Structures are given as C-alpha cells and as structure tokens.
Amino acid sequence: MIKIKAFLPYLFIAFTMVTYAQETIIELPHIKPDSIIWSNPEKEYISKLGNAPVITNVSTPSLIVYKPTVEKQNGISVIIAPGGGLYTLSINSEGRKVAEWLNSKGITAFILKYRLVPTGKDGIQDLKEIIKNDNEKRVRITKKLMPYSTADGLNAITYVREHSKMLGVHPNKIGFMGFSAGGCVLFGVVNACNETNRPNFLVPVYPGTDVIDPEPNHLTPPTLFIAAANDKLIDATTFTSIFNKWHKAGIKTGMHMYADGGHGFGTWLKGLPVSNWLDRFYEWVTSKNLLEQDFSPK
C-alpha cells in the first residue's frame, strides 16, 4: 500500500492516495458536521436482504478511480454516485460494474463514496425498518445529510477538473451519473454548482427526488435520463415531469424510459432492452452534436 500526501490549494486540506492494483482511492476535502456522528466505521459487506455488496457508514468522502488503458482513453470522464437510500452504497451493480464498462469504452470513471446516514450493523436493515416504522423521520434525517453529500459531489468535480492533466481527462468533459439516492446527490450538485464546479453532462438513472427538489438553472448541462416505466419505488411520472422541466428550461435533454426494468436495475443483466442502457448512454455522450458543444463552464 502506497500513501502519498499532497494539498488541495483551494481548501488547503490534505488528501490521501492509496493504490490497490487497478484502483486508486482519493480522499476528498470535507468539513465534518457538528450534528452528525458516525459511531461505526465504514465497512463493505454482503447484505443478506439484498444479496449484494454494499458499503455503509461513509464519513470520509472519497473517489475510487478506474482508468482505461492509455490506448483507449478518450478524455471523457464520469463521476458515479451509487444508490442506496443515502444509508448504503450499492457498490457493485451501480459502481464497480459501471466503472469497468465505461473503461472498456475509453472513459475514465470515478466512483464517489459520498457521506451516508450513520447506521448500525446492517444499514440495509436499518433503512428497511425506518421506512416501515417512521418514513417521515427518514426524510428528515436524509435532508439533514444532503448538504454534506452534495458538497462531496461538488468537491469530486473540482478535484477531477483541477487534476485533469494528471488523470488523463479533459477538464471540460466531466459527467456526473447518479443512481436512485445518488440521483439526489446529482440534483443537489445541479442546484448548488457554480461556474468552477459545474459538471459538463448529467446522467440521472432512476433518480430519487423525495429529499430534494431538482431545479434546472443557467448552468445545468446536457442531461440524459434513464428509467423504467414499471419502477415500483418511484412513479414513472416523476421522471417524465423532471424531463419536461429540463426540456422547458431549454436544457439539451434526452430520455430512455424502458417498459420493464423496475427500480435498481443497474448493471444486472435481465435479458431485456433495459440491459443495454449503457450502450444508449455511450451513443449519446459520443454523439457529434453533443461533443461539438462548448463543454466549458459558462
């Protein structure tokens, strides 16, 4: 394990870089909240309820860097915010598998481990119980956390842009992709970004909206919505209403609404058209009309 310390000039805060084979973990600058306390350490485990790897108790935000081969690298990068109700991160199907697919297409990927609600032994179980017993409390808790998770998203964009040459990416071709609760983080970034930490394109994938009101503005970049009409967690009209809001605001907006797929399809192969949504994203992000735009912050 190699540790290298440096300073981010804009905050004079040190970050740590740890390299594990193909992955590089970069700690992001952050201000610790006074009113949110993480009693348990961050951990990754296989959730018995979801039968999939999850990460819980993220108190220190970081980026996991996945770089394509130099021969394939095309300068495009995507920051990935996995979902999990802001209680967990679905790190495999909405994180690593997406990053690996993007690498295969020459796109550099950064999995964002944004700050999560503090939980006990099993974050999935905690989330399930609070939704069942007191969902209003869940909304209050996650709304309290959202400013910090949003700051993590903004700092991720800033880091990639300021270190673009070292990372081998174009400073003005940085996208943000958010799944479910990661979509809440994406919308938080849209609401709060400025000219320096604005993403250059957005990909909300079955994004959540219950703890944030997404509003496009003059800095909102081209956006591609991905969702399924039979989503049982979020009504499909929620996705189409946000699409309409974006479209009416004059944002270059696309959408793939699949008939089947449900919520949380990620990279699970279902033998359905929804399984090919990443191909549709790649067609969109590499299209002539999109790439010939001025990607730079306005």
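The values are calculated or read from the model by the stated rules, or taken from the named source; none is laboratory data. Please read these numbers as outputs of a predicted model, since none were measured by experiment. Don't worry about glycine lacking a Cβ; one is built from the backbone with ideal geometry, like all the others, and counts go over all protein chains shown. To get the accessible areas, we keep the full protein, side chains included, count just its heavy atoms, and leave off ligands, DNA and RNA. Shrake-Rupley method; radii C 1.70, N 1.55, O 1.52, S 1.80 Å.
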Residue ID - farthest from Ala109 (Cα to Cα), chosen from residues in segment 46-65 that are part of a loop (DSSP other than H, G, I, E, B), over 13 Å from the mean Cα position of the chain (by Cα) and not basic (Lys, Arg): Leu49
Qualifying residue in segment 171-178 (condition: polar (S, T, N, Q), without any contact (Cβ under 8 Å) to a residue 60 or more places away in the chain and open to solvent by 10 Å² or more (accessible area, probe 1.4 Å)): no
So Lys298, is it at pLDDT 95 or above, more than 25 Å from Glu100 (Cβ to Cβ) and either of a type in the set (Lys, Arg) or buried (at least 16 other Cβ atoms within 10 Å of the Cβ) (or both): no
Residue ID - farthest from the chain's Cα centre (by Cα), chosen from residues in segment 97-129 that are within 28 Å of Val285 (Cβ to Cβ) and among the charged types (D, E, K, R): Lys105
From the options Tyr87, Tyr66, residue that is farther than 19 Å from Ser35 by Cβ and in contact with an Asp or Glu (Cβ under 8 Å, 6 or more places away or on another chain): Tyr66
Filter pass, Thr142 being hydroxyl-bearing (Ser, Thr, Tyr) and open to solvent by less than 10 Å² (accessible area, probe 1.4 Å): yes
Only listed residue being surrounded by fewer than 19 Cβ atoms within 10 Å (Cβ to Cβ) and of a type in the set (A, V, I, L, M), chosen from Val70, Val98: Val70
Test result for Ala227, at pLDDT 95 or above and under 23 Å from Ala109 (Cβ atoms): yes
Residues of segment 118-133 satisfying the condition of being loosely packed, with under 14 Cβ neighbours inside 10 Å and more than 17 Å from Leu145 (Cα to Cα): Lys121, Glu129, Lys132, Asn133
Pairs where the first residue, in segment 117-136, is assigned to a loop (DSSP other than H, G, I, E, B) and the second is open to solvent by 60 Å² or more (accessible area, probe 1.4 Å), C-beta under 8 Å, 6+ apart: Pro118/Ile37; Pro118/Ser39; Pro118/Asn40; Thr119/Asn40; Gly120/Asn40; Lys121/Asn40; Asp122/Lys48; Asp122/Leu49
Filtered residues of segment 66-88 (kept if in contact with a helix residue (DSSP H, G or I) (Cβ under 7 Å, 6 or more places away or on another chain) and either aliphatic (A, V, I, L, M) or part of a strand (DSSP E or B) (or both)): Tyr66, Ile76, Ser77, Val78, Ile79, Ile80, Ala81, Gly85, Leu86, Thr88
